[in-house]
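The values are calculated or read from the model by the stated rules, or taken from the named source; none is laboratory data. Just so we're clear, the structure is a prediction, and the values are computed from it rather than from any experiment. Quick reminder, even Gly has a Cβ in these numbers, built from the backbone with ideal geometry, and neighbours come from all protein chains shown. Surface accessibility is based on the protein's heavy atoms, side chains included, excluding ligands, DNA and RNA. Shrake-Rupley method; radii C 1.70, N 1.55, O 1.52, S 1.80 Å.
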Amino acid sequence: MYKQLLPLLLLLFSGHLFAQEASDARLKEIAAQAKFDTTYGWRYAAGLGLDIAGTKLFNPKVGSGTSRLGIGGVGTFFANRKAVKSFWDNQLSLQLGVQELGRTSTLQPKGFQKSLDLIRLQSRYGYEISRDGKWFAATDFFAQTQLLETYASNYLDPIDAEDRVVSKFFSPFWMTVSPGINYKPNQYWSFFYSPVAIQYILVADDKIAATGVHGND
């Protein structure tokens, strides 16, 4: 009886050893991929763009427009981290642009006006909640402010003694936190849904806060 069971026990034992070795090999493969594969870990990237555009009109007809000179640029920096079960994407960008319009009246001020001034920071962290690696429980953080002072006239310099500053760096500062679900079918597409969000508005300058133009008390 024992002689008949011995081959069966040896077969089961050898099968268990084979499965254990295969499992260990797979774990080692995953660990090696996470350590050496370039798809894991931190990735950094940056982009810079510059725009110069102008229109010069000589003796324009009334109502046909005016000359314009615009200068602007955008800079973006990415820092994204990917792990086996999670991701963390970060993006910081600065957009700045000014323009000078041709004068249609001697009463019109001279100089450049702001056309774009934004500093944005977006950060999103997600943890995998599905076996296919496409669904994540995620939280999105978004912050925005500006770089230069902005006067009520929108010129870079005050046009008269009553032209007050209405915004500047950290006045205001918007911050939004949104928990939700992130669907990432591949490395090129990402869909984020959040049923609720919390937004804060900070105005660091008391004089600007007193004007009440940014929605704060």
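A Förster radius of 45 Å combined with the Cβ-Cβ distance from Arg164 to Ile52 puts the calculated FRET efficiency at roughly 0.90. Of Ser190, Ser153, Ser171, the residue with the largest accessible area leads and the full order is Ser190, Ser153, Ser171 (1.4 Å probe).
For the stretch 108-131, backbone nitrogen atoms closer than 20 Å to the point 7 Å from Val213 Cα along Cα-to-C-beta are found at 108-119.
Under the criterion of Cα pairs below 8 Å and six or more residues apart, the relative contact order for the stretch 82-217 equals 19 percent. With 29 Å as the limit, the listed pairs Lys114/Lys184; Lys61/Lys114; Lys56/Lys168 have Lys114/Lys184; Lys56/Lys168 beyond it between alpha carbons. Only protein heavy atoms count here; on that basis, with a 1.4 Å probe, Asp163 has an accessible area of about 20 Å². Full extension of the segment from Arg103 to Thr176, taken as 0.36 nm per residue of separation minus the current Cα-Cα distance, would add 22.2 nm. Ligands, DNA and RNA aside, Ile181 has an accessible area near 70 Å² when probed at 1.4 Å.
Figure legend: label point modelled 7 angstrom from the Cα of Ile129 along Cα→Cβ; residues of the stretch 78-92 with amide N under 15 Å from it are 86-87. Of Ile201, Ile129, the order by accessible heavy-atom surface (1.4 Å probe, DNA, RNA and ligands excluded), from most exposed downward, is Ile129, Ile201.
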